[in-house]
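Peer 1: I have a structure here, written as structure tokens, and I will follow up with some questions on it.
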Amino acid sequence: MTNGPPSESPLARMADAKLTAAEQRLADVVARRYPEAALLSAHALATAAEVSPASVTRFAKKLGYHDFNDLQTNLAVEMRARLSTPPGRLTASPPGRHKTTIELLREVIARDRDNLNATLAMLDAELLESLRDRLARTPRSSIYIVGSKKGGVVAAYFAMQLRQVRSRVFLLELNDRTSDQVLDMTADDLLVIFEPRRATAALVRLITECRALGMSVASFTDENPPAVIAKSEYLFRTKVDAVSILDSYAAMFALCDALLAALVQRNLASMRARTDRLEALNVAFDTWNQKTPQDVKRRGK
């Protein structure tokens, strides 16, 4: 866990730090081989910069890291972030001792905190409010939500929660039934996609079809989305860095929660009616395993 600004990369820290001559040589090696320098050991880095191993330790601490391993971990995160495939990111993980699960949990929490802060810094607040207003536009329009591959997990969560807030919310599946699911789409509807990293061919075809209809697209993606996604009317870049080769979607979930909270806050009266109706349906369908006295009373048992 680093001591410096949470979203500041090692390269940015080197640019801001006041370095000695030996530390500057280390910085030059790291910058020249950035971020692949994550694969260098402390000894290799010292040799390349023609300095002592002790200088490497002092260099890492001056940048705000606890030690060289901490610096190396952050360099590896930067390197993995630039690679789009898990196999590529796996090669970017420097060798080291196996950490305990609790150690990894602490790193995950710290990394997600950094991801959330970085996402907040990238966010267009006015655009987020505009999307909230667009999602609140009911019953005139439908909301179609989709995510391919792992993005589908966030899409399913958002669709399930949004369906409790407003009507006409549809979770799409990208398969041979997609055409049936989008049959009634109109220009007044909105497509919401969750697509970090690489865009799938099926999603690109869906976006193309929606734009041909005149629909707007809201995209939750990573920092460097492909052009077809970057052109979205509502574009939200999120930081998805992780301590492993698997991306973190904590920032995407946080944006979903913020939008849902804003919609509930805006429509308290209608939310009361919807939640009451949903609870009545849960009782009618015996949804919950353990019935409360109120449930029994409603059913007349």
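Peer 1: Restricting to the stretch 258-278, give me the number of residues that are open to solvent by 60 Å² or more (accessible area, probe 1.4 Å) and of a type in the set (Val, Ile, Thr).
Peer 2: Adding up the residues that qualify gives 0.
Peer 1: Mind checking which helices (runs of 4 or more DSSP H) fall wholly inside the stretch 109-203 and carry at least 3 residues that are of a type in the set (A, V, I, L, M, F, W, C) and within 27 Å of residue 8 (Cα to Cα)?
Peer 2: Values: elements: 125-135, 151-165, 178-181.
Result: 125-135.
Peer 1: If we keep just the residues of the stretch 215-257 that are among the acidic types (Asp, Glu) and open to solvent by 40 Å² or more (accessible area, probe 1.4 Å), which is farthest from residue 103 (Cα to Cα)?
Peer 2: 233
Peer 1: Among (1) more than 16 Å from residue 143 (Cα to Cα); (2) buried (at least 16 other Cβ atoms within 10 Å of the Cβ); (3) free of Cβ contacts under 8 Å to residues at least 12 places away in the same chain, which single condition is residue 195 missing?
Peer 2: Every listed condition holds for residue 195 apart from (3).
Peer 1: Which of the residues that make up the stretch 31-52 are open to solvent by less than 10 Å² (accessible area, probe 1.4 Å), assigned to a helix (DSSP H, G or I) and at pLDDT below 85?
Peer 2: Scanning the stretch 31-52 gives 37, 38.
Peer 1: For the list (1) surrounded by 15 or more Cβ atoms within 10 Å (Cβ to Cβ); (2) within 30 Å of residue 76 (Cβ to Cβ); (3) in contact (Cβ under 8 Å) with a residue 60 or more places away in the chain, I need the number of the one condition that residue 158 fails.
Peer 2: For residue 158, the failing item is (2).
Peer 1: What do you reckon, is residue 248 more than 14 Å from the chain's Cα centre (by Cα) and not aliphatic (A, V, I, L, M)?
Peer 2: When the stated conditions are applied, residue 248 does not pass them.
Peer 1: Which pairs have Cβ atoms under 6 Å, sit 6 or more apart or on different chains, and link a residue in the stretch 279-301 that is open to solvent by 100 Å² or more (accessible area, probe 1.4 Å) to one that is of a type in the set (A, V, I, L, M) and modelled with pLDDT of 80 or more?
Peer 2: From the stretch 279-301, the pairs are 298/283.
Peer 1: Condition first: basic (Lys, Arg), open to solvent by less than 80 Å² (accessible area, probe 1.4 Å) and either at pLDDT 80 or above or more than 26 Å from residue 224 (Cβ to Cβ) (or both). Now tell me which residues in the stretch 60-108 satisfy that.
Peer 2: Passing the criteria: only 99.
Peer 1: Further question on the same structure: Take the stretch 143-155 and flag every residue that is surrounded by fewer than 18 Cβ atoms within 10 Å (Cβ to Cβ) and either aliphatic (A, V, I, L, M) or modelled with pLDDT of 95 or more (or both).
Peer 2: Correct list: 153 only.
Peer 1: Please find, among 247, 188, 241, 222, the residue that is in contact (Cβ under 8 Å) with a residue 24 or more places away in the chain and under 17 Å from residue 141 (Cβ atoms).
Peer 2: 188
The values are calculated or read from the model by the stated rules, or taken from the named source; none is laboratory data. The structure presented is a predicted model; accordingly, all values stated were derived computationally and were not measured. Every residue, glycine as well, gets a Cβ built from its backbone with ideal geometry; the counts of neighbours run over all protein chains shown. Side chains are part of the model used for accessible areas, which takes the heavy atoms of the whole protein and leaves out ligands, DNA and RNA. Shrake-Rupley method; radii C 1.70, N 1.55, O 1.52, S 1.80 Å.
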